[in-house]
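A short write-up of the structure that comes next.
The values are calculated or read from the model by the stated rules, or taken from the named source; none is laboratory data. Small disclaimer: the values here were computed from a predicted structure and weren't measured. No Cβ is skipped: glycine too gets one built from the backbone with ideal geometry, and neighbour counts run over all protein chains shown. Please note that ligands, DNA and RNA were not included when accessible areas were found on the heavy atoms of the full protein model with its side chains. Shrake-Rupley method; radii C 1.70, N 1.55, O 1.52, S 1.80 Å.
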Amino acid sequence: MWKQFLGKLSGKSPKSGGGGGWGSPPPKSPTSYDVNGRQWDSMRASPPLAAIAGAEGETREDVFLRKLNVCCVLFDFSNDRGRDSPERERKRQVLMSLVDCLGTAEEPLTEAMVSACVRMFAINLFRVFPPKVRPGTGAAAEADEDDPFFDPSWYHLQVVYELLLRFVTSPVVDVKVARKYLDNSFISRLLDLLDSDDPRERDCLKTVLHRIYGKFMGNRPFIRKAVSNIFYRFVSDADRHNGIGELLEVFGSVISGFAKPLKEEHKLFLWKALIPLHKPKTVGMYLPQLTYCITQFIDKEPKLSGTVIRGLLKYWPVTNSQKEMMFLGELEEVLELTEMPEFQKCMVPLFRRVAHCLNSSHFQVAERALFLWNNEHLFGLISQNHQVILPIIYPALERNARLHWNQSVLNITMNVRKMFFDMDQKLLLACQKNLQEEEEKQAASEERRRLIWEHLERNAAFHPVTRDISFAAFPKPAPLVAPTMT
């Protein structure tokens with residue numbers, strides 16, 4: 001296989017004579033940098049791509065390292081100058097040949113080859129993201145704000161990510177050797193790239209991170225801790241992060257592989273990292289992935305459903321109707337996995353919140369809350385605890401029946417009332433009587449308050465306040481006299 005690999009590299013160069021051809025003098029190579037920003041002296045005088053052909057007596061390691069050395073040269077994609085540069089295309093061809101070589105290799109890579117691969121990945125991938133440049137200003141620019149941004153350097157990055165994925169998954173890469181170079185610092189910087197604006201890059205990083213987590217078991221605790229820190233910063237400080245959905249997608253499969261019973265570390269990850277992700281305004285961008293992670297935890301340990309419900313109530317939105325509808329949808333999914341003991345622990349605060357949703361002036365929120373009764377599992381939980389739930393929920397149902405403006409909400413409200421009537425007619429009538437008594441007490445209290453104010457207004461009209469206000473003068477205290485000595 002390596003003979004074929006060397007044969008691909010040893011093609012004859014065309015004769016010189018054309019500008020920029022294989023036989024022409026090599027152009028000055030662009031400067032490249034290492035992970036810490038230092039120039040690679042060997043790169044300043046990199047050989048032309050035709051010079052990497054394997055000579056007689058040259059080992060496969062030497063040829064492999066030469067090709068990686070050429071791929072460390074960086075190009076500027078931020079402008080159109082050099083867009084059709086032959087050097088760019090040649091580097092891409094070399095990268096693609098490395099991908100093919102690594103995919104068909106049978107002999108293990110040496111430590112020098114592994115080290116050179118990781119160095120090449122670091123030089124090409126770890127970078128400062130370019131600014132978003134969008135045509136137009138004002139309203140047109142604001143309208144394009146949510147459009148995806150595509151990195152102009154993706155022409156090379158795509159092949160580099162494919163090579164990195166082959167490197168991580170290849171059986172010819174010794175895990176013990178690779179761990180020396182794919183260390184925590186490398187993984188940390190790889191996680192930072194998930195904030196890229198380019199969705200294609202985030203998708204590649206998601207796959208690479210999942211493979212690293214699966215193969216490099218010694219790095220798993222660090223990855224979990226680093227991802228938790230990203231979530232903490234996003235919730236507390238950062239306004240936005242582009243890769244939260246991808247990280248949650250990776251951890252959805254990671255959580256499904258947790259052993260039972262769950263470790264305390266994993267429960268803390270749920271309470272301190274996942275549940276607070278409901279707080280940001282942009283929760284709708286990653287809510288499906290977040291809900292999947294949370295339901296995976298409940299599948300592993302059903303007792304955690306009460307913890308999740310209390311967390312949802314803690315971060316429940318008050319003024320954002322769209323977010324409130326999302327929470328109701330997630331709440332229904334969690335309640336489907338909730339068992340009776342955990343439901344009874346949190347049903348009182350839960351249905352107080354549901355009662356507020358029933359009386360929402362936004363008809364979609366009220367309608368979504370009423371649809372909870374269509375869930376068979378939840379309806380069974382409510383039926384067995386209706387003596388506690390009905391007194392909480394009945395005033396909200398009665399207000400909807402009297403005052404709500406939407407006809408659909410009125411119809412569903414009457415259906416829910418009929419369900420409770422069929423469950424326990426006596427309790428429903430008792431709740432109705434209690435509500436009437438409370439309304440009478442409230443009306444009497446309001447009438448007393450009105451009479452008191454009228455009395456104060458009449459007194460103020462007969463005794464107007466003037467500016468000449470006399471204050472009572474208090475007598476001055478007698479001066480203190482020192483006691484005489486006898």
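Being in contact with a helix residue (DSSP H, G or I) (Cβ under 7 Å, 6 or more places away or on another chain) and farther than 27 Å from residue 253 by Cα narrows it down to one of 341, 280, 317, so name that one. Of the residues listed, the single one that is in contact with a helix residue (DSSP H, G or I) (Cβ under 7 Å, 6 or more places away or on another chain) and farther than 27 Å from residue 253 by Cα is 317.
Listed conditions (1) over 35 Å from the mean Cα position of the chain (by Cα); (2) modelled with pLDDT under 90 are all met by residue 129, apart from (1).
The single condition among (1) closer than 25 Å to residue 379 by Cβ; (2) surrounded by fewer than 19 Cβ atoms within 10 Å (Cβ to Cβ) that residue 282 does not satisfy is (1). All conditions but one from (1) at pLDDT 95 or above; (2) open to solvent by 60 Å² or more (accessible area, probe 1.4 Å) apply to residue 143; the one that does not is (1).
Within the stretch 177-221, the only residue that satisfies the criterion of being outside any helix (DSSP H, G or I), of a type in the set (A, V, I, L, M, F, W, C) and either more than 23 Å from residue 153 (Cβ to Cβ) or open to solvent by 10 Å² or more (accessible area, probe 1.4 Å) (or both) is 216.
Residues in the stretch 56-77 that are in a loop (DSSP other than H, G, I, E, B) and among the aliphatic types (A, V, I, L, M): 73, 74.
With respect to the conditions (1) surrounded by 18 or more Cβ atoms within 10 Å (Cβ to Cβ); (2) under 28 Å from residue 185 (Cβ atoms), residue 237 falls short on a single one, namely (1).
Within the stretch 158-176, the residues that satisfy the criterion of being open to solvent by 50 Å² or more (accessible area, probe 1.4 Å) and of a type outside the set (Ser, Thr, Tyr) are 158, 162, 165, 166, 171, 174, 176. Here residue 152 fulfils each of the conditions (1) closer than 21 Å to residue 243 by Cβ; (2) assigned to a helix (DSSP H, G or I) apart from (2). Residues in the stretch 348-360: is at least one touching a residue at least 24 places away in the same chain (Cβ under 8 Å), buried (at least 18 other Cβ atoms within 10 Å of the Cβ) and over 17 Å from residue 394 (Cα atoms)? So far as the stretch 348-360 goes, no, none of its residues is touching a residue at least 24 places away in the same chain (Cβ under 8 Å), buried (at least 18 other Cβ atoms within 10 Å of the Cβ) and over 17 Å from residue 394 (Cα atoms). Hey, does the stretch 227-237 have a residue that's modelled with pLDDT under 95, of a type outside the set (Ser, Thr, Tyr) and assigned to a loop (DSSP other than H, G, I, E, B)? Yes, there is a match, as at least one residue in the stretch 227-237 is modelled with pLDDT under 95, of a type outside the set (Ser, Thr, Tyr) and assigned to a loop (DSSP other than H, G, I, E, B). For residue 345, the conditions (1) in a helix (DSSP H, G or I); (2) open to solvent by 10 Å² or more (accessible area, probe 1.4 Å); (3) within 28 Å of residue 407 (Cβ to Cβ) all hold with the exception of (3). Which of (1) touching a helix residue (DSSP H, G or I) at 6+ places or on another chain (Cβ under 6 Å); (2) at pLDDT below 95 is the odd one out, the single condition residue 403 does not satisfy? The number of the failed condition is (1). Restricted to the stretch 299-324, and to residues there that are within 19 Å of the chain's Cα centre (by Cα) and in contact (Cβ under 8 Å) with a residue 40 or more places away in the chain, the residue that is least open to solvent (accessible area, probe 1.4 Å) is 311.
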